[in-house]
Amino acid sequence: MMKARQNIPAWYQADWRPVTGPGELPQMTWEDIETALDDLASTPARKDAAQALFRGLRQASAQLSPMDLLQQLLLCAVTLAGPRPQRHLTGPPPGRPGVRTLPRWSYTDLEVALAYSCSGQPLRIALERHRDLLNQRAPGLSGAETMRSVFLIAFGLPPSERSRTRTRNGTAPARRAA
């Protein structure tokens, strides 16, 4: 699994319930994820990396809470947007098969997952994009269209703390002696 900047608090996870009504995101499926990835993958290599990454996440999803799953979806999308997408989840991990359908998340759940996945300027930008998503919601918006929007929000986030320490010439700075 991807390492989050901060875990979503247990109190939020304990109170989580699938939402219904105007605050809910459209129902999304794993097929919606595949559709969005096919649409957004810029190269065959990125498409292969994305499929491998999300295949691994789908297999692991049975062990995740709904909010942890949402956060992992965001973090996988962030990883794919990086300069070189990682393929460290190339196959399904051993264990039970993943969940068949995705939870019924709310727009607030998405905002919370973003808030615990990034900070600083990237968080401010992500929350502005989230606000745009709220303004664009319309009855009949498909799960694939919503997932595409969620991925586009995540694609703007930095892939890791390590990537921010690189210098302009692409090399990592030397470590300081203790």
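The values are calculated or read from the model by the stated rules, or taken from the named source; none is laboratory data. Owing to the predicted nature of the structure, the values given are computational and were not obtained by experimental measurement. In this analysis, Cβ positions are derived from the backbone assuming ideal geometry, glycine residues included, and neighbour counts consider all displayed protein chains.
Which numbered condition trips up Leu57, out of (1) out of contact with any Gly (no Cβ under 7 Å at 6 or more places or on another chain); (2) under 26 Å from Arg131 (Cα atoms); (3) in contact (Cβ under 8 Å) with a residue 40 or more places away in the chain; (4) not small (Gly, Ala, Ser)?
Status for Leu57: all satisfied but (2).
What are the residues in region 143-178 that are modelled with pLDDT under 85 and farther than 21 Å from Gly82 by Cβ, if any?
Ala174, Arg175, Arg176, Ala177, Ala178 - these are the residues of region 143-178 that are modelled with pLDDT under 85 and farther than 21 Å from Gly82 by Cβ.
Tell me, yes or no, whether region 75-85 has at least one residue that is among the hydrophobic types (A, V, I, L, M, F, W, C), in a helix (DSSP H, G or I) and under 14 Å from Leu110 (Cα atoms).
yes
Restricting attention to region 12-39, which residues are outside any loop (DSSP other than H, G, I, E, B), of a type in the set (Asp, Glu) and farther than 19 Å from Ala60 by Cβ?
Glu24, Asp38, Asp39
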